[in-house]
Amino acid sequence: MALNAFANVFRIAELRSRLAYTLALLAVYRIGIFINTPGVDRAAMNAFMDAQKQSGGLVSLFNLFSGGALEQMSIFGLGIMPYVSASIIMQLLAVVIPSLERLQKEGAAGRQKINQYTRYGTIVLSVIQGIGISRWLASLGRSDAGQSGFNQVVVPDDSVWFTFMTVISLTAGTAFIMWLGERITERGIGNGISLIIFAGIVAGVLPGANTLLEMTRQEVIAVAEVLALLVFMLVIIAVVVYVERGMRRIPIQYAKRMAGRRMFAGQATYFPMKVNTAGVIPPIFAGAVLSFPATLGTWFPFLQNMQRAIEGNLWIYNGLFVLLVIFFAYFYTALTFRPDDVADNIKKQGGYIPGIRPGRQTAEFIERVLNRLTFGGALYLAVICVIPSVISGLLNVRFTFGGTALLIVVGVALDTVQQIEGHLISRNYEGFAGPRGPRIRGRVRVAA
């Protein structure tokens with residue numbers, strides 16, 4: 001059944017062209033990973049990143065989401081993270097700035113204006129981060145105290161011209177990636193920005209698997225442990241798929257209404273609320289906060305004790321990570337999902353929740369349900385992200401493909417498959433689950 005669905009994908013000319021276009025642009029992105037910024041010694045940079053992979057830190061986190069571009073010191077070294085950061089900043093500003101909030105409610109024209117502001121913010125963040133990275137690269141290997149004994153000079157010729165070229169190269173690379181993502185979204189299949197992050201993370205799977213295979217050959221890890229690890233990862237992926245598709249359906253009843261001379265009967269529908277409302281934002285923020293002491297400790301010696309205390313005790317690290325994930329889950333959900341607006345929209349459309357009065361009581365009910373879902377979703381995120389580090393500690397192996405990356409990969413894959421299935425069903429083809437199977441649902445986006 002699934003093979004027939006995959007065969008149907010290539011029978012639709014438009015879908016074939018969209019898939020080919022998407023793969024071609026992703027290939028362009030991966031080729032650009034290996035184009036160096038001017039004035040950087042790639043061998044010295046690779047040596048520094050190898051040392052960082054062993055000690056962790058914010059640099060390793062950025063390298064993961066850039067698809068290894070930071071390790072190569074590519075023109076795509078900043079990756080798409082400035083665009084993601086600008087998008088999050090715009091979401092937060094829309095809560096406190098009334099003019100941005102009005103733009104969000106103006107439909108397509110308002111969203112286009114917000115996207116334009118997001119692009120401007122991306123360029124500004126790229127310039128700022130480019131300046132910081134150029135100064136950071138110039139310092140590598142020139143101060144033993146600052147880099148914990150790293151004595152290879154990454155930038156042989158440090159000058160104002162090097163800083164200028166680095167900023168221009170990294171900013172142009174980020175702008176080009178942003179353009180690629182928008183073109184994939186418009187003319188390809190799936191969300192372009194998410195697919196670029198997806199491609200960067202998946203690119204590290206084969207090197208990680210090769211490392212695990214080499215450790216098995218050297219008898220560092222037993223074959224039975226590797227097989228058990230693979231089975232366990234499949235179970236985790238199944239759990240992630242199940243929870244990411246899970247939602248709480250709040251029933252909505254609409255009263256009878258008149259349209260001209262015709263009376264329309266009341267309709268019953270539901271308002272979907274995802275179990276994981278905050279997505280992958282909480283673990284990303286939590287990982288960044290916990291990585292700051294490890295990164296800053298290489299420059300400020302007085303933070304090295306904090307670094308050793310956090311990284312030396314797995315229970316302390318995981319405990320802090322769980323608390324931060326729960327905090328950021330509630331924080332981000334409260335900023336992006338407003339029960340009062342949802343209740344007002346339901347009331348304006350003539351709907352109500354059975355047994356709940358419209359207006360304030362509806363908002364309180366939705367908020368109560370949201371708090372319970374957020375707590376469950378936060379625990380789910382914490383468990384999924386902590387389990388790889390626990391397994392890594394038990395097997396004494398550092399895995400680059402962690403829980404946060406797993407959440408992103410599975411979520412993007414669900415969204416993309418959902419769009420492909422939508423194209424199939426709209427042209428009278430069977431979906432991936434067959435004619436009587438359930439529709440594949442990705443991450444439900446609810447406009448508050």
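The values are calculated or read from the model by the stated rules, or taken from the named source; none is laboratory data. Here the structure is a predicted model, which is why all the values come from computation and not from measurement. Every residue, glycine among them, receives a Cβ derived from its backbone with ideal geometry; neighbour counts consider all protein chains shown. Keep in mind that these areas ignore ligands, DNA and RNA; they rest on the heavy atoms of the full protein, side chains included. Shrake-Rupley method; radii C 1.70, N 1.55, O 1.52, S 1.80 Å.
Quick notes on this structure:
- Principal axes of region 158-246: Cα extent on each, largest first, Å: 53, 43, 19
- Label-point gap, in nm, between residue 115 and residue 16 - each point 7 angstrom along Cα→Cβ: 2.9
- If R0 is 41 Å, the Cβ-Cβ spacing of residue 267 and residue 234 corresponds to a FRET efficiency of close to 0.50.
- On the basis of the beta-carbon distance and an R0 of 45 Å, residue 95 and residue 42 show a calculated FRET efficiency of 0.55.
- Of the solvent-accessible surface of region 66-192, computed with a 1.4 Å probe over protein heavy atoms with every protein chain present, carbon and sulfur atoms account for 62 percent.
- With every protein chain in place, region 201-240: carbon and sulfur % of accessible area (1.4 Å): 74
- The alpha-carbon of residue 274 sits under 14 angstrom from the alpha-carbons of these aspartates and glutamates, leaving out residues fewer than 8 places away in its chain: 244, 367.
- Calculated FRET value between residue 217 and residue 357, using beta carbons and R₀ = 60 Å, to 0.05: 0.35
- Were the residues from residue 249 through residue 315 laid out at 0.36 nm apart, the gain over their Cα-Cα distance would be 20.1 nm.
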